[in-house]
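Just so it is clear, none of the values below were taken in a lab; they were calculated from the coordinates. Everything numeric in this text was worked out from a predicted model, so none of it was measured. We place every Cβ from the backbone using ideal geometry, glycine too, and count neighbours over all the protein chains shown.
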Amino acid sequence: MKRLSLSDWASIAEVVGAVGVIVSLLFVVQSINKNTAALATSAESEFLDAWRSAVQIPFYTNERLAEIQLKVHTGQQLSPVEAKMWENSLRALFDTWSQGYGAYRTGVMAEDAWEEWDAAIFTLWERERMGEFWDEMGQHWAATAFGEHINRQRALRAGGDADE
């Protein structure tokens, strides 16, 4: 049996070290993927919690808001106080929607989750008179990427051109 020289041992150690680095990198990639998935799940959960607390729960717990929503759905005229309450509820809806869009744009919320939320909110668009609110108050968000998204989606839904 031939004795290994010091340079042979160094070569073996180099190969073992390279394999160790590759295994370590695979472990890091796996950990990052798990962390990314956990962040996406957390962002979706946070968006759902924000949606519930800012948009849904007020209508479950405030009979007056529920009555105003019913008036909106049936096309009845709102009093000035009711109109202001409705505006505030829509502002909360748009603020929450904007936060979800921010989470999606930064990659924290998964694209498929965002697309489901976005489509669901747009189904409320006509029923909740959101277009009227947007036309009046949209300048608050219009200069942002979220505002551009809303305008682009409105144009697409209206059958118009929407620049990407």
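Stretching the chain fully between Thr74 and Arg52 yields a gain of 5.6 nm (0.36 nm per residue, less the alpha carbon separation).
Here the stretch 1-34 and the stretch 132-153 have alpha carbon centers that stand 55 Å from each other.
Counting only alpha carbon atoms, the long axis of helix 80-105 and the longest principal axis of the chain meet at about 20°.
Applying 0.36 nm per residue to the separation of Thr123 and Leu156 and subtracting their alpha-carbon distance, the gain on full extension is 10.5 nm.
Bridging of Lys71 to lysines at a Cα separation below 25 Å is possible for Lys84, once same-chain residues fewer than 8 apart are set aside.
Note on the chain: GNM, Cα springs under 10 Å; of Glu44, Glu67, Glu14, the largest mean-square fluctuation is that of Glu14. Placing R0 at 22 angstrom, the Cβ-Cβ distance between Asp135 and Phe59 gives a FRET efficiency of 0.45 after rounding to 0.05. Largest mean-square fluctuation among Ala103, Ala13, Ala38, in a Gaussian network model of the chain whose springs join Cα atoms under 10 Å apart, belongs to Ala13. Counting only trypsin sites (Lys or Arg not before Pro) that DSSP places in a loop and that have at most 14 other Cβ atoms within 10 Å, the longest clean stretch of the chain runs over 4-126.
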